[in-house]
Amino acid sequence: MKYVDEFRDATIAQKLINRIQRFKFNRKVRFMEVCGSHTVAIYKSGMRNLLPDIDLISGPGCPVCVTSALDIDRTIQLTRMPDTILATFGDMIRVPGSSSSLQNEISQGAEVKVVYSSYDALKIAEDNPGKRVVFLAVGFETTSPTIAAAILQAEKKGLENFSILSYHKLIPPAMKALLTGEQVHIDGFICPGHVSVIIGSKPYEFIPQQYHLPAAITGFEPVDILHALFMMMAQIKENRPAVEIPYSRAVKPEGNPMAIQRLYEVFEPSEAKWRGLGVIADSGLKLRRRFQKYDATQYYDLSVAESSDPPGCECGSILKGLKKPSECPLFASVCNPSRPIGPCMVSSEGSCAAAYKYG
Amino acid sequence: MCIGVPCQIVRIHDQMATIEIGGTQREVCLDLLIDESETRVGDFVIIHAGFAIQRINAQEAEETLQLLKEMME
């Protein structure tokens, strides 16, 4: 496969590993990735075992996992309303709320449709004029422009029965919150490849400028990840922190201006609650005033008495990089991919699912 | 949600493209590509949730590989 096989080349990978191993800092260097696809790629490649001087930890990079129990509970509440269809990406179906899940609600008769794209949800709205179709809008900057495009289409088509629950998250504010919180030691960030396709490299500049730490935006093949690690090790060695882009075949410094324009035409930053990380200012997205009629919360009372994470589940600490999946008492004992208890095991991009499958 | 590997465009029609991945074909929307009018059959694109979000820059890919090979010599 073009642009895949070349970046899985074992000779280049081995040479990169050798070069990385030559850096010696008299301590383990700890890099965090904040992208579910990187989590899976790192586990799958087995590179952790080949790099004894580097500690690779996962951060809040799985969009399903970072969605708070409160937002899941609100969504479940919505599916219990009359004449309502919830459209969602498939990953959200099995995520547990405080006492139920969408999967459970479906078995009780809730109308929930799994879609592949936001435009599929528009089609459902067009086909069901007598019902309100609500799209569960989760995801990072890679996904939110696709939702913005759907809102603009809905406006163009005059679709009155389409709306969204905007639970989007923005990645750079979460990275900043982790650095500010100082709970977890981080020596550098592997920045997410496809979030960066949209936002480019500038939003990460605070990492070298304010925190004097390295960062590298990379792709998902072993050579991509090793290249990023090599660059960050060199940055540390030479004391010149920067945001580098080994994934330049897909990521431009300016990102995708068309997608950014659509995104911020429709949305503006707002406070958001993350699983594990709590409430972070300007880390979510809300609809701008012009698009208020597409905000599902205008039509439904989604107040939830009390929300709680699954008892014993360590997803919150795992998403902050404070614990590894194997340090959760439920991991691989009662919590596994066929009967997941926490979201990090539900999502195929979650750290626990990746650790279970490849760890 | 995210397809990590680039997909090749086999057909373009209106604002949509048919892409091929692992022998199967899918329809994706080109609305988020700034230079969608320059997008051609045969191009490789990054796909996310039914949208093409970027075209792969063949020259950059080549340069990265070249750099890696030179660096490792």
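The values are calculated or read from the model by the stated rules, or taken from the named source; none is laboratory data. It should be emphasised that the depicted structure is a prediction, and the values quoted were computed from it without experimental measurement. Quick reminder, even Gly has a Cβ in these numbers, built from the backbone with ideal geometry, and neighbours come from all protein chains shown. SASA here: full protein model, heavy atoms, side chains in, ligands and nucleic acids out. Shrake-Rupley method; radii C 1.70, N 1.55, O 1.52, S 1.80 Å.
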Computed magnitude of the charge dipole of chain B (debye, nearest 20; Cβ of K, R +1, Cβ of D, E -1): 300
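Okay, helix-only estimate at 222 nm for chain B: each DSSP H run of n ≥ 4 adds -39500 (n - 2.57), divide by all residues, round to 500 deg cm²/dmol; what do you get?
Details: 1 runs with 15 residues, N = 73.
Per the formula, -6500 deg cm²/dmol.
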Cα-Cα P(r), region A:62-126, percent of pairs per 10 Å interval: 21, 55, 23, 1
Measure nothing but the geometry: give the 0 to 90° angle between the long axis through the Cα atoms of A:257-266 and the longest principal axis through the Cα atoms of chain A, rounded to 10°. 40
For chain B, find the longest principal axis of its Cα atoms and tell me its angle to the long axis of helix B:58-72, 0 to 90°, nearest 10. 20
May I ask you to list the lysines whose Cα is less than 27 Å away from that of A:LYS156, ignoring any residue fewer than eight positions away on the same chain? A:LYS113, A:LYS123, A:LYS131, A:LYS169, A:LYS286, A:LYS293
What's the average, rounded to a whole number, of partner chain beta-carbon atoms within 10 Å of each residue's beta-carbon in B:41-48? 4
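Quote the charge dipole size of region A:62-180 about the Cα centre in Debye, to the nearest 20; the model charges only the Cβ of Lys and Arg (+1) and of Asp and Glu (-1). List each step's numbers first, then the result.
Numbers: 11 positive and 12 negative charges, 32 e Å.
Using only the charged Cβ atoms, the result is roughly 160 debye.
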Cα point-scatterer Debye curve for the protein assembly as shown, base-10 log of I(q)/I(0) at q = 0.09, 0.10, 0.11, 0.12 Å⁻¹: -0.55, -0.68, -0.83, -0.99
In region A:199-276, taking the dipole from +1 charges on Lys and Arg beta carbons and -1 charges on Asp and Glu beta carbons about the Cα centre, the listed residue (A:VAL243, A:PRO214, A:GLN261) farthest towards the positive end is A:PRO214
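For A:ARG289 and A:GLN108, what is the calculated FRET efficiency with R₀ set at 60 Å and r taken between the beta-carbons, to the nearest 0.05?
Values: r = 36 Å, r/R0 = 0.60.
Efficiency at R0 = 60 Å is approximately 0.95.
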Sorted largest first, the Cα spans of region A:248-359 on the principal axes come out in Å as 49, 47, 25
Put one equal scatterer on each alpha carbon of region B:5-72, apply the Debye formula with no solvent term, and list log10 I(q)/I(0) at q = 0.12, 0.18, 0.28 1/Å to two decimals. -0.34, -0.64, -1.22
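Find the eigenvalues of the gyration tensor of the Cα atoms of region A:1-144, then list the square roots of 5 times those eigenvalues as equivalent ellipsoid semi-axes, largest first, in whole angstrom.
Values: eigenvalues 360, 66, 24 Å².
Square roots of five times the eigenvalues give 42, 18, 11 Å.
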Across A:LYS2/A:LYS176; A:LYS2/A:LYS252; A:LYS202/A:LYS357; A:LYS2/A:LYS324, pairs whose alpha-carbon gap is larger than 26 Å: A:LYS2/A:LYS176; A:LYS202/A:LYS357; A:LYS2/A:LYS324
Using Cα centres only, tell me the gap between region A:260-316 and region B:17-68 in whole Å. 31
Label points 7 Å out from Cα along the Cβ direction at A:VAL4 and A:GLU306: separation in nm? 4.9
How big is the charge dipole of chain A about its Cα centre, in debye rounded to the nearest 20, if each Lys and Arg gets +1 on its Cβ and each Asp and Glu gets -1 on its Cβ? 660
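Quantify how strongly other chains surround peptide A:213-219 by giving the mean number of their Cβ atoms within 10 Å of each of its Cβ atoms. Don't jump to the answer; show the numbers that get you there.
Numbers: counts 0, 0, 0, 0, 0, 0, 6.
Going residue by residue through A:213-219 and averaging, the value is 1.
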To the nearest 10 degrees, the tilt of helix A:36-45 (Cα long axis) against the first principal axis of the alpha carbons of chain A is 40
With all protein chains present, how much of the accessible area of the protein assembly as shown (probe radius 1.4 Å) comes from carbon and sulfur, to the nearest whole percent? 47
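In deg cm²/dmol, rounded to 500, what helix-only [θ] at 222 nm does chain A give when every DSSP H run of at least 4 residues adds -39500 (n - 2.57) and the total is split over its residues?
Details: 15 runs with 135 residues, N = 359.
So the calculated ellipticity at 222 nm is -10500 deg cm²/dmol.
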Extension gain (nm, one decimal) between A:LYS131 and A:GLN153, 0.36 nm per residue minus Cα-Cα: 6.1 nm
